[in-house]
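This report concerns only the one structure given below.
Each value in this text was obtained by applying a stated rule to the coordinates, not by laboratory testing. Every value quoted in this text rests on a predicted model; they were computed, and no experiment measured them. When we count neighbours, we look across all protein chains shown, and the Cβ atoms used for this are built from the backbone with ideal geometry, even at glycine.
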Amino acid sequence: MATSLPVVEQAVAGGDGLGCHAGKAQLEAAARSAGKGEALDRYAQDYPKGPHDQPQSMCPAFGSLRVGLRMRRTATILSGSACCVYGLTFTSHFYGARRTVGYVPFNSETLVTGQLFEDIRDAVHAVADPALYDAVVITNLCVPTASGVPLQLLPKEINGVRIIGIDVPGFGVPTHAEAKDVLAGAMLKYARTEAELGPVAAPRGGKSEKPTITLLGEMFPADPVGIAMLLEPLGLAAGPVVPTREWRELYSALDCAAVAAIHPFYAASVREFEAAGRPIVGSAPVGLDGTAAWLESIGRVANVAADKIDAAKARILPAIKGALAKMPITGRITMSGYEGSELLVARLLVESGADVRYVGTACPKTRWSDPDREWLEARGVHVQFRASLEQDLAAMEEFMPDLAIGTTPVVQAAKERMIPALYFTNLISARPLMGPAGAGSLAQVINAAMGNTHRFETMRAFFDGVGTGHAAGVWETIPQDRPEFREHYKRHLAKLARQRKAEEMV
Ligand code: SF4
């Protein structure tokens, strides 16, 4: 097995903080020279970066890990540094995984000698019990990817259990959202090959009599039900949601009339659906305009007669109009998130009457996000793809909103400025967005949050006198600020970075 020392060995030792925080270029170079160039090139194409390097976000591997942990009869194993695996396992259980996360540990020796790959192969063989599992997912984190651990050499199946090996390094996959696509795409590819070779398992509830629309992207559980009701007058049915909850759903996801790319960043999954000859439709049935446009697009690609599409619109749109009018939102909002549904939420807010000025998303711009971006930009909303925390904060400072919706650090910064704020993932993503159920569903939480300004004033008065910045906390004597220490440490870090660069060039 190819290895790349000393960079990877340094990472194992952890002495210079290689990993999330530094040494990304070295790890990428090591991975390329260890034979991972093809995978990294594919990721670069599927998940384009820019305008800057990478949004601040959690470890990307959390996305693929979560997808695996949510699937029935699927075992997940991680191969990576113990600290990474600890963090990922902790976060998984924090979000209620209730499943075992497998781990193949390593040290410098097993990494360098190739023993790690042997250990992974043994672990996969030990776990692949067909009575328990349909699939085993094994994930290379940063260091094993950088050292070229060749998961592609694992057997494709053991006793009928599929073996799916993926590389999900932080230096190759920008966000945890896109890591979901890495695993979903790998599974779809496997399932597509199986379906091409012969008969495959039918859906648990039997095959739908109507043509189905596969829904791409994780969403609030009530949304697929709402979408099914929108599709019904078109003579269509809702198919599975990808990422799926079970292996056999992959076959029915592929066996669809069309795919609705509700979340627009699933590039690898789209590639598999296109290879299966399925048309893809962007955007989603959110609000009045969004639902009308989506019904038309879906109807068109599924060859539904124009009068049937018009009848469906006539049946559904008045209910959405009524729900939006009943629950208006008044106030200026900036928002940001990393789920992939940010543009859809913004559309709904605008249609509810909110003055939305800025939408930041950690996800990239894709052709599937174009309809939503164009709609928002036509209404004066600045849409920032691959938004950094600095851009999200700058937007909040510039527009001084009545409400900031965002990630944890944005919410924290907003509250420090006495701006009411809501956490996107927990409070906005956890609501229906689609069709009549989505229209008006956000208004209650948004209006309640905007009405809370007076509570911030009370809190400000209560905490008045407690220090901030370097003097945060309650002190007997106020700590003295020592900016020269910070400067000294900054120079020290820069020197270390220069040394690393020089060593790399030797
Ligand atoms: S695997 Fe995740 S936590 Fe570990 S170094 Fe890579 S990005 Fe960071």
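If Lys and Arg each add +1 and Asp and Glu each add -1, what is the summed charge of the other residues whose beta carbon sits under 9 Å from the beta carbon of D402?
0
Just in the range 87-167: which trypsin sites (Lys or Arg not before Pro) are loop by DSSP and have at most 11 other Cβ atoms within 10 Å?
Filter output for the range 87-167: R98, K156.
I need E484, E476, E457, E157 ordered by Cβ neighbour count within 10 Å, fewest first.
Lowest to highest Cβ neighbour count: E476, E484, E457, E157.
May I ask you to derive the relative contact order of the range 212-321, considering only C-alpha pairs under 8 Å and at least 6 residues apart, and to give it as an integer percent?
Once divided by the residue count of the range 212-321, the mean separation gives 26 percent.
When a footprinting reagent is the concern and you count Cβ atoms within 10 Å, what order do Y43, Y95, Y133 take, fewest first?
Neighbour counts put them in this order, fewest first: Y95, Y133, Y43.
What percent of all Cα-Cα pairs in the chain falls in each 10 Å bin, counting up from 0?
4, 17, 26, 25, 18, 9, 2, 0
Looking at the range 7-174, what % of its DSSP beta bridges pair antiparallel, to the nearest 5?
Looking only at bridges with both residues in the range 7-174, the antiparallel portion is about 10 percent.
At what distance in angstrom do the alpha carbon centres of the range 234-307 and the range 174-210 lie from each other?
14
Computed over the Cα atoms, what is the radius of gyration of the range 327-460 divided by 2.2 N^0.38 Å, N being its residue count?
Taking N as the residue count of the range 327-460, the ratio is 0.97.
What 222 nm value per residue comes from the helices of the chain, counting each DSSP H run with n ≥ 4 as -39,500 (n - 2.57) and dividing by all residues, nearest 500 deg cm²/dmol?
-14500 deg cm²/dmol
Based on the alpha carbon coordinates of the range 212-321, what radius of gyration and maximum Cα-Cα distance (Dmax) apply, in Å?
13.2, 39
Sorted by mean Cβ packing within 10 Å, highest first, what order do the peptides 486-495, 191-200, 67-76 take?
Peptide ranking by packing, descending: 67-76, 191-200, 486-495.
Could you size up the charge dipole of the chain around its Cα centre, putting +1 on the beta carbon of Lys and Arg and -1 on that of Asp and Glu, and report it in debye to the nearest 20?
Magnitude of the dipole: close to 540 debye.
Would you mind ranking I478, I213 by Cβ crowding within 10 Å, fewest neighbours first?
If I rank by nearby Cβ atoms, fewest first, I get I478, I213.
For the chain, calculate the relative contact order in percent as a whole number, restricting contacts to Cα pairs under 8 Å that are 6 or more residues apart.
Once normalised by length, the contact order is 12 percent.
Name the trypsin sites (Lys or Arg not before Pro) in the range 403-461 that are in a loop by DSSP and that have at most 16 other C-beta atoms within 10 Å, would you?
The qualifying sites are R417.
Can you tell me what share of the DSSP beta bridges in the chain is antiparallel? A percent to the nearest 5 is fine.
Counting only bridges with both partners in the chain, antiparallel ones make up about 5 percent.
From the C-alpha gyration tensor of the range 7-174, pull out the three semi-axes of the equivalent ellipsoid (sqrt of 5λ each), sorted largest to smallest, in whole Å.
Working from the Cα gyration tensor, I get semi-axes of 24, 18, 16 Å.
Considering amide H positions built from the backbone, and no H for Pro or chain starts, which residues 5 or more places from E157, or on another chain, come under 5 Å of its amide H?
I163
By average Cβ neighbour count within 10 Å, what is the ranking of 314-326, 357-369 from highest down?
Packing proxy ranking, top to bottom: 357-369, 314-326.
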